[in-house]
Amino acid sequence: MPTATQWAAARARPVLYQALRAFFGSLGYLEVETPCLVPAPGMEPHIDPFVTSFVPEMGAGTKRPLWLQTSPEYAMKRLLADPGCPPLFQICKTFRNGEVSGTHNPEFTMLEFYRPQADYHAICDDLEGALRAAESAVAPGRGMFSAPFERLTVRDAVLRHSGIDLFTHGEGDALAKAARAIGVHLGSSTSFEDVFFHLLLERVEPKLGRGQPTFLMEYPASMASLSRLKPSDPRVAERVELYAEGVELANGFSELTDAVEQRARLVAEQAWREANGRPVLPLDEAFLEAVGKMPPAAGIAVGLDRVLMLLLGAKSLSEVLLFPAQGFV
């Protein structure tokens, strides 16, 4: 049976959604709904999607794999590529295999939104306003999102919390040596990306968003994901993540609109997955076609279960879900 805390969260959840819908509606965003079952999932190297099979009735067709979406990003960008598309938002279920912890559940609720003719700074402004509206509705006086949000570059955050300058130690084994020197526990790989991940996880993330939410901005170019590089400094990408009380809440970009570059990045991620023994996922050709037609735009994805957890002062996602994954894992 659900606990009293879980019932309180169940009552707060529709209030949260209503506040978000009202906020985005006031800015002219259109709420959309895209499929949860997709022919090609996201390609993020460290995310594993759930796969199933479509089996046509009476043998009238070919059996083929389908995946539960890890994000509605590809479908929403296909809409964004349509001329005259307004700003879009969606509140939906998303799915990631194997993720169970105090801040992870394999099925979770995501808010994702996109604004044409905007960049990562503008999308941060919208998210800051949305979370303030949510707090006012769900937990007035809580103070989680009322303070001005800090905006901190990745380089400055790592320097502040570890003393390491990524631009100085970004070549060869220099970053690994610097990380080991301050006691960071590294895995077998000493690639820049793997060392950066351990450095961020151990020394930076737990300290972010303490006292005020922090937008962590401008990731190294090799971690651009689906974002564009910063025109004035191509060493970094216009990628941003939001943290509050050491918890990551959101991940967003100034969107990449170069279809050739996007294809190259996805092919590189396919190669990484193959080299690391992970399933190689198909390219979404409809998405790739849309990328080249998109206007300049920015978008961000927000984990709403984590937002609700923080607003209610809960310590774990299991406290704000009526049926947390711990019940069947």
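All conditions in (1) part of a helix (DSSP H, G or I); (2) farther than 26 Å from residue 189 by Cα; (3) touching a helix residue (DSSP H, G or I) at 6+ places or on another chain (Cβ under 7 Å) hold for residue 294, with the sole exception of (1). If you check 160, 155 for being surrounded by 19 or more Cβ atoms within 10 Å (Cβ to Cβ) and in contact with a Leu (Cβ under 9 Å, 6 or more places away or on another chain), only one passes: 155. Could you tell me which numbered condition residue 282 fails, if it satisfies all but one of (1) of a type outside the set (A, V, I, L, M); (2) assigned to a helix (DSSP H, G or I); (3) closer than 24 Å to residue 97 by Cα? Of the numbered conditions (1) of a type outside the set (A, V, I, L, M); (2) assigned to a helix (DSSP H, G or I); (3) closer than 24 Å to residue 97 by Cα, the odd one out for residue 282 is (2).
Give the residue, chosen from 285, 274, that is at pLDDT 95 or above and among the acidic types (Asp, Glu).
Exactly one of 285, 274 is at pLDDT 95 or above and among the acidic types (Asp, Glu), namely 285.
For the stretch 183-221, how many residues are in contact (Cβ under 8 Å) with a residue 24 or more places away in the chain and either exposed (fewer than 15 other Cβ atoms within 10 Å of the Cβ) or closer than 30 Å to residue 148 by Cα (or both)? Residues flagged as in contact (Cβ under 8 Å) with a residue 24 or more places away in the chain and either exposed (fewer than 15 other Cβ atoms within 10 Å of the Cβ) or closer than 30 Å to residue 148 by Cα (or both) within the stretch 183-221 amount to 22.
Can you name every one of the strands (runs of 3 or more DSSP E) wholly within the stretch 43-162 that holds 3 or more residues which are more than 21 Å from the chain's Cα centre (by Cα)?
Correct list: 51-54, 64-68.
Checked against (1) outside any helix (DSSP H, G or I); (2) free of Cβ contacts under 8 Å to residues at least 60 places away in the same chain; (3) surrounded by fewer than 19 Cβ atoms within 10 Å (Cβ to Cβ), residue 14 passes all but condition (1).
Would you say residue 150 is of a type outside the set (S, T, N, Q) and farther than 19 Å from residue 206 by Cβ?
No, not satisfied.
If the condition is being surrounded by fewer than 19 Cβ atoms within 10 Å (Cβ to Cβ) and in contact with a strand residue (DSSP E or B) (Cβ under 8 Å, 6 or more places away or on another chain), then the stretch 245-278 contributes only 248. (1) under 25 Å from residue 51 (Cα atoms); (2) without any contact (Cβ under 8 Å) to a residue 24 or more places away in the chain: which one isn't true of residue 290, the others all being true? Of everything listed in (1) under 25 Å from residue 51 (Cα atoms); (2) without any contact (Cβ under 8 Å) to a residue 24 or more places away in the chain, residue 290 misses just condition (2).
Residues checked against (1) surrounded by fewer than 18 Cβ atoms within 10 Å (Cβ to Cβ); (2) more than 21 Å from residue 300 (Cα to Cα); (3) touching a strand residue (DSSP E or B) at 6+ places or on another chain (Cβ under 9 Å):
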| position | (1), (2), (3) |
| --- | --- |
| 9 | no, yes, no |
| 19 | no, no, no |
| 30 | yes, no, yes |
| 45 | yes, no, no |
| 50 | yes, yes, yes |
| 59 | yes, yes, no |
| 74 | no, no, yes |
| 87 | no, no, yes |
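The set of residues from the stretch 231-262 being of a type in the set (S, T, N, Q) and closer than 16 Å to residue 216 by Cα comprises 251, 254.
Here the condition is being of a type in the set (Val, Ile, Thr) and under 24 Å from residue 221 (Cβ atoms); of 109, 190, 103, it holds for 190 alone. Which is assigned to a strand (DSSP E or B) and either in contact with a Gly (Cβ under 6 Å, 6 or more places away or on another chain) or in contact (Cβ under 8 Å) with a residue 24 or more places away in the chain (or both), of 242, 266? Only one candidate passes the filter, namely 242. Going by the conditions given, is residue 130 surrounded by 16 or more Cβ atoms within 10 Å (Cβ to Cβ) and modelled with pLDDT of 95 or more? Taking the combined requirement at face value, the residue satisfies it. In the stretch 117-135, the residues that are under 21 Å from residue 17 (Cβ atoms) form Cβ pairs under 9 Å with partners that are modelled with pLDDT of 95 or more and among the basic types (Lys, Arg), at six or more places apart or across chains, as follows: 123/115; 126/115.
If you take the residues in the stretch 166-182 that are within 14 Å of residue 154 (Cα to Cα) and within 26 Å of the chain's Cα centre (by Cα), which one is surrounded by the most Cβ atoms within 10 Å (Cβ to Cβ)? Among those that are within 14 Å of residue 154 (Cα to Cα) and within 26 Å of the chain's Cα centre (by Cα), it is 166.
Does the stretch 225-239 hold any residues that are over 28 Å from residue 310 (Cα atoms), in contact (Cβ under 8 Å) with a residue 60 or more places away in the chain and touching an Asp or Glu at 6+ places or on another chain (Cβ under 6 Å), and which are they? Within the stretch 225-239, 236 is the sole residue that qualifies.
Can you find even one residue in the stretch 175-193 that is in a loop (DSSP other than H, G, I, E, B), at pLDDT 95 or above and over 28 Å from residue 291 (Cβ atoms)? Steps first, please.
Narrowing the stretch 175-193 to residues in a loop (DSSP other than H, G, I, E, B): 182-191.
Filter again for at pLDDT 95 or above, leaving none.
The answer is no; no qualifying residue exists.
The values are calculated or read from the model by the stated rules, or taken from the named source; none is laboratory data. This is a predicted model, so every value here is computed, not measured. Cβ sites come from the backbone with ideal geometry, for glycine too, and all protein chains shown count toward neighbours.
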